[in-house]
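Report on the structure given below.
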């Protein structure tokens, strides 16, 4: 009997936990997910497991948390790294796990953390209303400079000849880095629909938007996205749509 | 004959590459370091290796880069993850590598990335002078709210009974997470000396500051820190000292 996979996270928005759900759904793996608890119960459960879970597990700072038997770990890219090889989604060549991890970390830095910081440039604990002007200013610079830089990077990865032709970041081998990039693009589209539409229509990032389409239509992912398990973006998550921030690049 | 370890990074400040140097220095491992190139040559070298290095390596977005034979990888926590088990600095229990990686990622998020963002809250490509007021405001909130939250977290990790008593994050086993936390604390002391002095003197984080002392005096680390290989913090790196931002908590 093997221990179940348990995702321990808040409920109500996809959040960072979504990356963990996507890798498990793609692999068709069974898992427990605290998103089905009430808001308060899910929070309570997170607080409980942030405390040292015994068995050599240290305290953790923030969810998502992942429990597998006696092991409790935190940090989205770390959970993916743990699951990737077990689910056959961390590449096929020697040391691919480190290539995949580098790509996943880069997607999370650029198209998740940076987008998050756009709505809270001054302080996470301050309401958005108290940093609205700074948020608008940051979003403008981000859309003008960082977004093209990130999209251009991913287009380059997808275009380069990696020895094996194919639509994925590592060539013909689909990995969890593709899932991470999909979710990051998807969330950025929710936050900045005008800028992402403009980027898409420019044709300069065709391979990037094709990856987004291709992931969305993978059978297990399509089923998941159409199910009640996929939560909706809301304006208290990582990705928030503030009309003031939703500008296009000049 | 084994391939050399090669750190590919800019020169002039410790930067994110410093975490890679510290793990190699602690282990007494030989490595090549592009910090000894001229500023321009080091930059050129980074640009060269960001491009796909063949052998299945994808393009990367930003340095530090690490080369070991045909493998080229990016992302500081990923390079540490690659080196940790090879150098015997990733724990001793099953799955410790994931505990250590979680701790390293958390230190980098909280006491490296967040500190970096304090001097550039609006945009990384804008000079600090053009976001001085926002930077001051962000630093005040950070020192008031986030810094205690981070220090409190690390104190909790160090205080908890993890089955093995000891001064390190995993108990008695020294790991590279301790090195990462040391460097993050050290940089934060450079950026915010007044706030860190206040925090230290409060006595509330004694175990955290003891870890900083204990790492500093490990033989290989002490030798390294006293050598010409240790670069100085300067006000164009991750950690910058702007007197306006250097406030104390109320």
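Summary of values
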| read-out | value |
| --- | --- |
| Selection count where residues are at the interface with chain B (Cβ under 7 Å from one of its Cβ atoms), farther than 20 Å from residue B:74 by Cα and surrounded by 21 or more Cβ atoms within 10 Å (Cβ to Cβ), scope segment A:67-103 | 2 |
| From A:107, A:62, residue being closer than 22 Å to residue A:34 by Cα and within 17 Å of the chain's Cα centre (by Cα) | A:62 |
| Enumeration of residues in segment A:52-65 that are within 20 Å of residue A:4 (Cα to Cα) and facing another protein chain (nearest Cβ under 9 Å) | A:52, A:54, A:55, A:56, A:57 |
| Positions within segment A:130-148 being free of Cβ contacts under 8 Å to residues at least 24 places away in the same chain and more than 8 Å from every other protein chain (Cβ to nearest Cβ), in sequence order | A:130, A:131, A:133 |
| Extreme residue, nearest to the chain's Cα centre (by Cα), among residues of segment A:159-199 that are under 21 Å from residue A:101 (Cβ atoms) and surrounded by fewer than 19 Cβ atoms within 10 Å (Cβ to Cβ) | A:167 |
| Count - residues of segment B:44-56 that are surrounded by 14 or more Cβ atoms within 10 Å (Cβ to Cβ) and modelled with pLDDT of 95 or more | 4 |
| Selected residue (criterion: surrounded by the fewest Cβ atoms within 10 Å (Cβ to Cβ)) from residues of segment A:110-129 that are under 30 Å from residue B:51 (Cβ atoms) and within 8 Å of chain B (Cβ to nearest Cβ) | A:113 |
| Unmet criterion (only one of (1) over 20 Å from the mean Cα position of the chain (by Cα); (2) exposed (fewer than 15 other Cβ atoms within 10 Å of the Cβ)) for residue B:229 | (1) |
| Test set (1) crowded, with 17+ Cβ neighbours inside 10 Å; (2) under 26 Å from residue A:209 (Cα atoms); (3) at the interface with another protein chain (Cβ under 8 Å from one of its Cβ atoms) - residue A:107 fails condition number | (3) |
| 3 or more residues touching a helix residue (DSSP H, G or I) at 6+ places or on another chain (Cβ under 8 Å): qualifying strands (runs of 3 or more DSSP E) within segment B:1-110 | B:5-8, B:65-68, B:71-74 |
| Condition check for residue A:174: in contact (Cβ under 8 Å) with a residue 60 or more places away in the chain and touching a strand residue (DSSP E or B) at 6+ places or on another chain (Cβ under 6 Å) | yes |
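The values are calculated or read from the model by the stated rules, or taken from the named source; none is laboratory data. Computed from a predicted structure; not experimentally measured. Note: ideal-geometry Cβ built from the backbone for every residue, glycine included; neighbour counts use all protein chains shown.
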